[in-house]
1. Among the candidates Ala456, Ala469, Ala444, which residue alone is more than 30 Å from Glu28 (Cβ to Cβ), of a type outside the set (Phe, Trp, Tyr) and at pLDDT 95 or above?
2. From the list Arg215, Arg239, Arg275, exactly one residue is at pLDDT 95 or above, of a type in the set (D, E, K, R) and part of a loop (DSSP other than H, G, I, E, B). Which is it?
3. Test each condition in (1) surrounded by 21 or more Cβ atoms within 10 Å (Cβ to Cβ); (2) on the phi > 0 side of the Ramachandran plot for Gly169 and report the one that comes out false.
4. Sort out which residues of the range 93-106 are over 22 Å from Thr150 (Cα atoms) and either part of a strand (DSSP E or B) or touching a helix residue (DSSP H, G or I) at 6+ places or on another chain (Cβ under 8 Å) (or both), and write them in order of number.
5. Consider the range 281-324. How many of its residues are outside any strand (DSSP E or B) and not aliphatic (A, V, I, L, M)?
6. If I ask for residues that are within 16 Å of the ligand (Cβ to nearest atom) and either over 18 Å from Met357 (Cα atoms) or part of a loop (DSSP other than H, G, I, E, B) (or both), which ones from the range 20-47 would you list?
7. When you go through (1) closer than 17 Å to Asp23 by Cβ; (2) in contact with a helix residue (DSSP H, G or I) (Cβ under 9 Å, 6 or more places away or on another chain); (3) of a type outside the set (A, V, I, L, M); (4) more than 13 Å from the ligand (Cβ to nearest atom) one by one for Asn72, which number turns out not to apply?
8. Among the residues of the range 359-387, write down those that are surrounded by 17 or more Cβ atoms within 10 Å (Cβ to Cβ), part of a loop (DSSP other than H, G, I, E, B) and not aromatic (Phe, Trp, Tyr).
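The values are calculated or read from the model by the stated rules, or taken from the named source; none is laboratory data. These numbers come from a predicted model, not from an experiment. Here the Cβ is made from the backbone with ideal geometry for all residues, glycine too, and neighbour counts use every protein chain on show.
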Amino acid sequence: MNTSLETDYLVVCAGATAMAFVDTLLTENADATVLMVDRHHRPGGHWNDAYPFVRLHQPSAFYGVASRELSNWAKDQTGLNEGLYGLASGVEVLAYFDQVMQQHFFPSGRVQWLPMSKYSKGAHGSHQVQSLTSGERQQVTVRRKVVNATHARTAVPSTHPPKYAVAPGISCVPVNQIPHIGRPYACYTVVGSGKTGMDAVLWLIQNGVPPHRTRWIMPRDAWLMDRANNQPGADDFDRTIGSTIGQFESIAEATSLTDLFSRLEERGSLMRIDRSVEPTTYRCAVVSQAELAQLRRIEDVVRMGHVKAIEPMQIVLAQGKVPADPDTLYIDCSAGAIVKPPPALPVFDGDHINLLMVRWYQPLFSAALTAYVECHLGDQDAMNALCTVVPSPEAPADWLTMWAVTLANTARWRQHPGVHTWLSQFRLNSVTAMMRGVKADDSAKFVRIKESGAKAGAAAANLPRLLAAI
Ligand SMILES: Cc1cc2nc3c(=O)[nH]c(=O)nc-3n(C[C@H](O)[C@H](O)[C@H](O)COP(=O)(O)OP(=O)(O)OC[C@H]3O[C@@H](n4cnc5c(N)ncnc54)[C@H](O)[C@@H]3O)c2cc1C
């Protein structure tokens, strides 16, 4: 061990959730010091490894950290997101987190940051950091808490090689490589149907590959969300609140899970690529209607389970084989962005804080709220009640389990005066974002907010019956 460090909070990693946590901690606690450690050379976590054409799935308007806007609140004028608020590119997300570190965290004089460093727990609960460049090891003394922000375990194809066999001579690249294709191929095969696979298909279409030359290996069909249903600002208030109310009505009125999904689809709350195929997964992927229309242009969709092996003349899948053009470029999109559900841990766990989701797929909102609760409450049970963990999505029914915990948490936040007031001005709160620009005397909109609260209550009343069927 070469040297030692001391800090109030040791934050393991500098990904997006860690950045959101530290930002709110600095605002809500006047003197706490923070040491951040990450294997990457700059903040942003998995965004450092993402494919070059990656973008946020959600409007930038409510992504990032609480103290700094990520977007200029402009709507896209062209392209597949036309008419909707802008989606920051991966490069913009990384530049943003770098600015947060350089222009906010460092000037506070309270944040130390160790890039290219690996954290590990030593003997007797000690904390060690090792530089990945010099090899130097440091012991860290933590005066308050260790914040584990690594639970997301986000996986992207550039860091997670495919699990299937690829015969010699086959052109198979991670999605990061497709902008560097050196020559045209007769056929392009996208392996994987998560959001990354969808982005790869859209990239091929946008970059001149005719849809009939693209094949799509789709092990599972997913339920998708319509981005137009969750837009910030007064202009889109009616649609966004209408969609939320529609989801609550669907939960309140559904007699079974099958009935629930048919109501959600009918109302446009959930969508699928092929209406004749029953989705078997839900991973919170968000698309625009224009993107969905493009995805539906691919006719050669292979639904035979996961790929086992790619051979020159055929693809071997879990449920059979399909012939393949030998002049095919295979594009690997098989890493599941959400690798595995986070462990069954509470958020507040003695001298550890686990950054986990406490609102339906809003990891940064969740991390910032966790920091607020850490700064203003002292009783661990009360803190965990406000931050009950929302399960990660996997199966379609998780749409419902995520809502169940989110609704229960939201009710508790409303009852806590400090949390309630803080949330009403919190930039990452999608409800605050939706209210931006709504005039105080616009009574029609406030009636809709009240209606949404009442419908949430009706949904909560029917939840136990629906959850019992899972
Ligand atoms: C393509 C894509 C688009 C997305 N779009 C959105 C979106 O629009 N909105 C949204 O809310 N979410 C989105 N997400 C979800 C996204 O995962 C989160 O927004 C967020 O970036 C997750 O950040 P994180 O910090 O939790 O995890 P990560 O980014 O995975 O960061 C974890 C970090 O921990 C570090 N680490 C792990 N172990 C150690 C160790 N022992 N020592 C040191 N460092 C360690 C890793 O190096 C990594 O930097 C998207 C995800 C993907 C893949």
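1. Every option except Ala444 fails the conditions.
2. Exactly one residue qualifies, and that residue is Arg275.
3. So Gly169 meets the others, but not (1).
4. Selection gives His104 alone.
5. 13
6. The answer is Val34, Leu35, Met36, Val37, Asp38, Arg39, His40, His41, Arg42, Pro43, Gly44, Trp47.
7. (1)
8. Arg359, Gln362, Leu377, Cys387
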